[in-house]
Amino acid sequence: MKALRFERFGAFKDVLQVCDIDRPVPGPGEVLVKVAAAAINPSDTKNVLGRMEGTTLPRTPGRDFAGVAEDGSEVWGSGGDIGFTRDGTHAEFIVVPREGVAPKPKALSVAEAAGVGTAFITAYQGLIEAADVKPGEWVLVTGALGSVGGAVIQLAKWKGARTIAVYRGDDPEKLVKEATGGAGVNIVFDCVGGPLFEPCLRSLGHLGRQVNITSVGNRRVSFDLVDFYHHRLTLLGVDSRALDTAACARILGTLAPAFDAGELQAPGIALEVGLDDAIDAYQKVDSGTAGGRAIFVT
């Protein structure tokens, strides 16, 4: 079968190769999936560049997929280990634990389903499982144009919450003051971190919760600790790589009915390419110039 492989970390043009390798054979409790579509995530590009922890080599990258299982059923899945310690989805076939796949929503094409994975799983993990969003609450979302930010906005509205989207150059505190009359938001889902971390924290009202998933630029941040404990705030760190295939399948299974009902929409797809176009596609995703989700279609 064809698979995208890398044996060392480095520039995409230097280390990525499309290879012919043996089709994986499922062991006990595993299932073979013919990959119909697989997303290219920023974490996939960072993985090849050596900016992610715990990757074992040689490796096939890729986390998210939609395809056909051995029994002929259409499935989708993801996993924090896929593409890092287990061969990933940028290949014609993948083997995963049987509980690591969920039925694909009928309303989504395979390319659309492949584009949901990491973005919506991260958003669900942070907004619903960690921050426990409630109907009527205010949610501030930074990086709102990104795939995770967009998923957070959708999930917040799905749960009956109100959202404030922060785009590049926006002042979060000003937006929050205008929208809430100075009361502050209940939840911040910060997809940027770095210079936005403290302004976001100041945007929280009493008993507010802030979710952080990354930090662009400076990894170190500071804030007013007295103000933090007086307002009884909570900081929540979320890392979707901590979720295995079974945990991801559970989340995707929970979300599937909402996609089928039209209550949630798959992220927009900007690129559909084959494995032979991997280097160009990886470069566009890594530089942020893809313009939307990039999907391998096998």
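Scan segment 73-97 for residues that are assigned to a loop (DSSP other than H, G, I, E, B), touching a residue at least 40 places away in the same chain (Cβ under 8 Å) and more than 18 Å from D20 (Cα to Cα) and the total you get is 5. Per the conditions (1) more than 26 Å from W158 (Cα to Cα); (2) surrounded by fewer than 24 Cβ atoms within 10 Å (Cβ to Cβ); (3) of a type in the set (S, T, N, Q), the sole criterion not satisfied by T89 is (2). Residues in segment 248-270 that are more than 24 Å from G80 (Cβ to Cβ), within 17 Å of the chain's Cα centre (by Cα) and open to solvent by less than 50 Å² (accessible area, probe 1.4 Å): A270 alone. Restricting attention to segment 234-247, the residues that are open to solvent by less than 50 Å² (accessible area, probe 1.4 Å) and over 14 Å from A130 (Cα atoms) add up to 3. Within segment 46-68, being in contact with a helix residue (DSSP H, G or I) (Cβ under 9 Å, 6 or more places away or on another chain) and either charged (D, E, K, R) or open to solvent by less than 10 Å² (accessible area, probe 1.4 Å) (or both) holds for K46, V48, R51, E53, R59, P61, G62, R63, D64, F65, A66, G67.
For segment 153-169, filtering for residues that are exposed (fewer than 15 other Cβ atoms within 10 Å of the Cβ) and either of a type in the set (F, W, Y) or at pLDDT 95 or above (or both) leaves 3. Would you mind stating whether A123 is surrounded by fewer than 22 Cβ atoms within 10 Å (Cβ to Cβ) and either in contact with a helix residue (DSSP H, G or I) (Cβ under 6 Å, 6 or more places away or on another chain) or part of a helix (DSSP H, G or I) (or both)? No; evaluated as a whole, the condition is false for this residue.
Condition first: more than 22 Å from D239 (Cβ to Cβ), surrounded by fewer than 17 Cβ atoms within 10 Å (Cβ to Cβ) and free of Cβ contacts under 8 Å to residues at least 24 places away in the same chain. Can you find one or more residues in segment 29-45 that meet it? No - not one qualifying residue is present in segment 29-45. When V116, V95, V110 are checked against the criterion of being surrounded by fewer than 17 Cβ atoms within 10 Å (Cβ to Cβ), hydrophobic (A, V, I, L, M, F, W, C) and within 23 Å of T60 (Cβ to Cβ), a single residue qualifies: V95. Within segment 203-259, the set of residues being touching an Asp or Glu at 6+ places or on another chain (Cβ under 9 Å), of a type in the set (D, E, K, R), closer than 26 Å to T118 by Cβ and not in a strand (DSSP E or B) comprises R241, D244, R250. Take the residues in segment 262-291 that are in a helix (DSSP H, G or I) and of a type in the set (S, T, Y); name whichever of them is modelled with the highest pLDDT. Among residues in segment 262-291 that are in a helix (DSSP H, G or I) and of a type in the set (S, T, Y), the one modelled with the highest pLDDT is Y282.
For segment 215-230, the condition of being touching a residue at least 40 places away in the same chain (Cβ under 8 Å), surrounded by 15 or more Cβ atoms within 10 Å (Cβ to Cβ) and not β-branched (V, I, T) holds for none of the residues. Among the conditions (1) over 28 Å from A246 (Cβ atoms); (2) open to solvent by less than 30 Å² (accessible area, probe 1.4 Å); (3) in a helix (DSSP H, G or I), A179 misses just one, which is (2).
The values are calculated or read from the model by the stated rules, or taken from the named source; none is laboratory data. None of these values were measured; they are calculated from a predicted model. For neighbour counting, all protein chains shown are included, and Cβ atoms are generated from backbone atoms with ideal geometry for every residue, glycine included. Side chains included, ligands, DNA and RNA excluded: accessible areas come from the protein's heavy atoms. Shrake-Rupley method; radii C 1.70, N 1.55, O 1.52, S 1.80 Å.
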